[in-house]
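Presented below is the structure to which this report refers.
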Amino acid sequence: MTLFTPLMFGPASRQVFGAFHAADGDRDEHTAVLLCPPFGQEGLRTHRFFKVLAERLARAGIATLRFDFYGSGDSPGDESEGELDGWRRDLCSAHEELRRHAPHAAIVWIGARLGATLAVLAARNGRCDPARLVLWEPVIDGRGYARLLRERHVAAIDTTFCIPDLSWRRSLAQEPDALPEEALGVRLSPALQAQLRALTPQSLPLTALHDTLVLAPPDDTPTAQWAAEQQSRHMPVRLAYLSHPLDWTSDPFPHSAMVPADALSRLQGAIHE
């Protein structure tokens with residue numbers, strides 16, 4: 001089993017936790033990978049997936065860093081402090097940390113869900129410069145994403161308790177588009193709620209500086225349209241379809257895959273496409 005080195009990095013006032021997987025041997029000193037996790041329950045749900053992916057990449061000779069955004073996972077901070085601008089800076093801190101461990105490598109960012117959205121925001125900011133972006137089902141509609149989390153939160157309450165709390169479902173029916181303060185056990189700060197309200201496909205333009213691969217399920221028309229709009233602006237972006245049995249928000253029931261082999265292979269191959 002590939003071992004990893006636990007790390008704390010970033011400014012003294014905003015340290016975050018990471019796990020560095022050193023490359024086995026000297027087969028690919030030219031590439032390193034930064035894994036950008038999803039938010040909340042989606043991040044918990046995919047923790048094992050990204051750990052296995054990091055181990056696979058390291059065995060293939062690719063140094064890899066995975067990390068937790070401030071206020072999440074094993075990083076310091078309270079989840080009530082979570083918001084996109086701070087997380088974007090965390091991503092750049094992680095990029096700089098990986099650069100210290102792999103000084104000569106071209107760094108590829110692989111982001112999933114809101115982690116992919118943050119990768120777009122961080123790359124556009126210009127403070128850190130990835131060689132390539134791999135965006136796995138990026139969140140491009142903040143209101144729709146919050147609505148999905150809220151619906152899943154209410155459904156989880158319905159199935160968890162012997163006597164469901166009907167006030168949650170009444171609230172959902174009365175205000176279907178209201179942004180939640182809590183979603184599947186994770187609080188959404190007022191700042192994050194406001195940022196999700198403002199998050200639209202038009203607010204996420206790609207730049208010509210980074211080759212980008214977008215991975216989405218075949219029925220994800222909005223993401224396909226967003227990628228097409230970026231192509232119409234002559235951005236170096238390509239859309240590829242990826243179907244998988246991973247349920248982003250569910251508990252790990254027996255028939256819900258935690259580490260689907262097809263998704264692992266697809267992301268590993270995406271680094272050099």
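In table form, for the structure just shown:
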read-out	value
Matching entry among 164, 190 (being surrounded by fewer than 16 Cβ atoms within 10 Å (Cβ to Cβ) and modelled with pLDDT of 90 or more)	190
Those residues of region 117-144 which are farther than 21 Å from residue 74 by Cβ and in a helix (DSSP H, G or I), in sequence order	117, 120, 121, 123, 124, 125, 142, 143, 144
Residue that is surrounded by the fewest Cβ atoms within 10 Å (Cβ to Cβ) [pool: residues in region 123-137 that are in contact with a helix residue (DSSP H, G or I) (Cβ under 6 Å, 6 or more places away or on another chain) and either without any contact (Cβ under 8 Å) to a residue 24 or more places away in the chain or over 17 Å from residue 236 (Cα atoms) (or both)]	127
Residue in region 247-263 that is within 13 Å of residue 140 (Cα to Cα) and open to solvent by 60 Å² or more (accessible area, probe 1.4 Å) present	no
Sole residue being in a loop (DSSP other than H, G, I, E, B) and hydrophobic (A, V, I, L, M, F, W, C), chosen from 224, 240, 208	208
Region 194-220 residues that are touching a residue at least 40 places away in the same chain (Cβ under 8 Å) and surrounded by fewer than 15 Cβ atoms within 10 Å (Cβ to Cβ), paired with ones that are part of a strand (DSSP E or B) and of a type in the set (Phe, Trp, Tyr) (beta carbon under 8 Å, 6 or more apart)	217/241
Among the residues listed as 227, 216, 208, 270, the single one being in contact with a Lys or Arg (Cβ under 9 Å, 6 or more places away or on another chain) and either hydroxyl-bearing (Ser, Thr, Tyr) or at pLDDT 95 or above (or both)	227
Members of region 71-89 that are open to solvent by less than 70 Å² (accessible area, probe 1.4 Å) and over 11 Å from residue 14 (Cα atoms)	72, 73, 79, 80, 82, 83, 84, 88
Scope region 132-161; condition touching an Asp or Glu at 6+ places or on another chain (Cβ under 8 Å) and modelled with pLDDT of 85 or more; matching residues	132, 133, 137, 143, 147
Close pairs (9 angstrom Cβ cut-off, 6 or more residues apart or separate chains): touching a residue at least 60 places away in the same chain (Cβ under 8 Å) and part of a strand (DSSP E or B) in region 89-108, charged (D, E, K, R) and open to solvent by 10 Å² or more (accessible area, probe 1.4 Å) anywhere	106/132; 107/99; 107/129; 107/132; 108/132
Residues satisfying the stated conditions in region 39-61, i.e. open to solvent by 10 Å² or more (accessible area, probe 1.4 Å) and outside any helix (DSSP H, G or I)	39, 60
Single residue of 85, 129, 78, 90 found to be out of contact with any Ser or Thr (no Cβ under 6 Å at 6 or more places or on another chain), within 26 Å of residue 215 (Cβ to Cβ) and modelled with pLDDT under 95	129
Where residue 174 falls short, out of the listed (1) more than 19 Å from residue 143 (Cβ to Cβ); (2) free of Cβ contacts under 8 Å to residues at least 40 places away in the same chain	(1)
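The values are calculated or read from the model by the stated rules, or taken from the named source; none is laboratory data. Treat the numbers as computed from the prediction; the structure is a model and nothing was measured. Please note: Cβ atoms are built from the backbone with ideal geometry, for glycine as well, and neighbour counts cover all protein chains shown. Keep in mind that these areas ignore ligands, DNA and RNA; they rest on the heavy atoms of the full protein, side chains included. Shrake-Rupley method; radii C 1.70, N 1.55, O 1.52, S 1.80 Å.
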